[in-house]
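Working notes, structure below.
The values are calculated or read from the model by the stated rules, or taken from the named source; none is laboratory data. These figures come from a predicted structure and were not determined experimentally. Here Cβ is always computed from backbone atoms with ideal geometry, including for glycine, and neighbour counts include all displayed protein chains. Just the protein is used for accessible areas: all its heavy atoms, side chains included, with ligands, DNA and RNA removed. Shrake-Rupley method; radii C 1.70, N 1.55, O 1.52, S 1.80 Å.
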Amino acid sequence: MALPTIVHLADDATAGGVMRVLDHILTAPELSEIAQHSLKCVDRNGMPLGHIEADMIVSHLAISWRSMPMLMLLRMRNPKTVLVHVEHSYTEAFVAENVTRKKRFAALLRLAYGIFNQVIAVSEAQGKWLRTSGAVKASSLSVIQSCVDLSAFRYLKHPSGPVRVIGAIGRLDRQKGFDTLIEAFKQTRDPNIALYVYGEGDEEEKLRALAEGDPRIQFQGFADPVIAIGSVDAVAMPSRWEAYGLVAIEALAAGRKLSVSKVDGLRDHIPFGAVGINGNSVSEWQREIERLTAVGTGNAIAAIPVQNFFMRRFADSWRGLLVDMQLGQ
């Protein structure tokens, strides 16, 4: 029996979390055993989508009022094809932080998601919000927690002794809350600890100005996640909103201490050893930095079993989706 064909649609080919997840989908042996995956990049301002030869079309597109005609045409041109949307962006905290006309935004989500046979949340927390907010019917919602290839993290040496280097890894954007972390770090007095900031983005100049005067804070630019996590003893994620947080599973797979704000999908990582921070204030993160640097670096959960679990869970979830859509067995 031929494997089902799945075409994934993406409208942002820059090196970010969505493309990293898609790269894993396209290359993971466990996923190639259950379907033939391919990628189609879409120009947000280009020609509308026509008919696509596939058993399933999976949208990783950004939902907006501007994209609605394209999505509606996608449904019209592919009336018998299973359409699935993966929601990589919107969360409860995103709406609270960024949306002023909340009823209008809620209407957009209901209309857009209604085009698809199934909507995929990338974390349990995001899925709960999508259900309770009324954006998606429970019967049309699945959760597939995002994943990337974690195998390289098994080769990283586990740190020993006290935490001395904390990593802030990701796009330098207001979303990530690195301004809060830098302010909190500057309040600490230990001269033997450091904060490594890995990433690029629009907030870099502002963050460098905020860190000025504290030589313990070092901006490392963009780096491969394996290199970045390998250079630190612990990882801090003070995000203001976060659908899931790939850096979190990479840190856990590498056996690093992990601290996260208790927001959106970051809460999904707490059962695996992450420490959740309430309030997400400068004072709360100062206390967490001082706690981190006073304890050892050992992680209570073995890195390789966690790494294998995340990757297996991802493949099994996709297999389950195909079964639910009557495309797999």
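Brief remarks on what is shown
- Förster radius 56 Å - calculated FRET efficiency between A2 and K206, Cβ distance, rounded to 0.05: 0.60
- Surface accessible to a 1.4 Å probe, E33 within the full protein complex, Å²: 120 Å²
- In summary, the lysines within cross-link reach of K128, defined as a Cα separation below 26 angstrom excluding same-chain residues under 8 places away, comprise K102, K103, K137, K176, K262.
- Going through [x] 163; [y] 154; [z] 130, the figure that equals volume of the Cα convex hull per residue in Å³ as computed for the structure here is [z].
- Listed residue (Q36, F314, W129) projecting farthest to the positive dipole end of the chain, Cβ model: W129
- Shape of the stretch 156-247, Cα gyration tensor, a/c cut at 1.5: oblate
- When only Cα pairs below 8 angstrom with a gap of at least 6 residues are kept, the chain shows a relative contact order of 17 percent.
- Global geometry of the stretch 1-160, whether rounded, prolate or oblate, following the gyration tensor of its Cα atoms and the 1.5 cut on a/c: oblate
- Environment charge of G161, counting only residues whose C-beta is closer than 13 Å and scoring Lys/Arg +1, Asp/Glu -1: +2
- Cβ-placed point charges (K, R +1; D, E -1), dipole of the stretch 1-67 about Cα centre in debye, nearest 20: 260 debye
- Sum of -39500 (n - 2.57) over DSSP H runs of 4+, divided by residues of the chain (222 nm, nearest 500): -10500 deg cm²/dmol
- Residue among Y90, L108, Y244 farthest towards the positive dipole end of the chain, charges placed on Cβ: L108
- Dipole magnitude (debye, nearest 20) for the chain, charges at Cβ of Lys, Arg, Asp, Glu: 840 debye
- Modelled FRET efficiency - R0 45 Å, S139 with Q218, Cβ distances, 0.05 increments: 0.35
- For the stretch 190-243, the Cβ-based charge dipole about the Cα centre amounts to some 100 debye (Lys, Arg positive; Asp, Glu negative; other atoms uncharged).
- Extended-chain gain in nm, criterion 0.36 nm per residue less alpha-carbon gap, R104 and E124: 4.7 nm
- The slack in the chain from I270 to D149, taken as 0.36 nm per residue of separation less the alpha-carbon distance, amounts to 41.5 nm.
- Restricting the stretch 21-98 to chymotrypsin sites (Phe, Trp or Tyr not before Pro) in coil, as DSSP defines it, with at most 16 other Cβ within 10 Å: W65
- Residue (of L150, L292, M325) at the positive-pole extreme of the chain, dipole from beta-carbon charges: M325
- Per residue, in Å², the accessible surface of the chain once ligands and nucleic acids are set aside, probe 1.4 Å: 46 Å²
- Membrane-span-like helices in the chain, defined purely by DSSP H runs whose alpha carbon atoms cover 27 Å or more axially and whose average Kyte-Doolittle hydropathy reaches -0.5, are 303-324.
- If the chain linking T14 and D43 were pulled fully straight, counting 0.36 nm for each residue of separation and taking away their Cα-Cα distance, it would gain 9.2 nm.
- Of the accessible area of the chain, computed with a 1.4 Å probe over protein heavy atoms only, carbon and sulfur atoms account for 51 percent.
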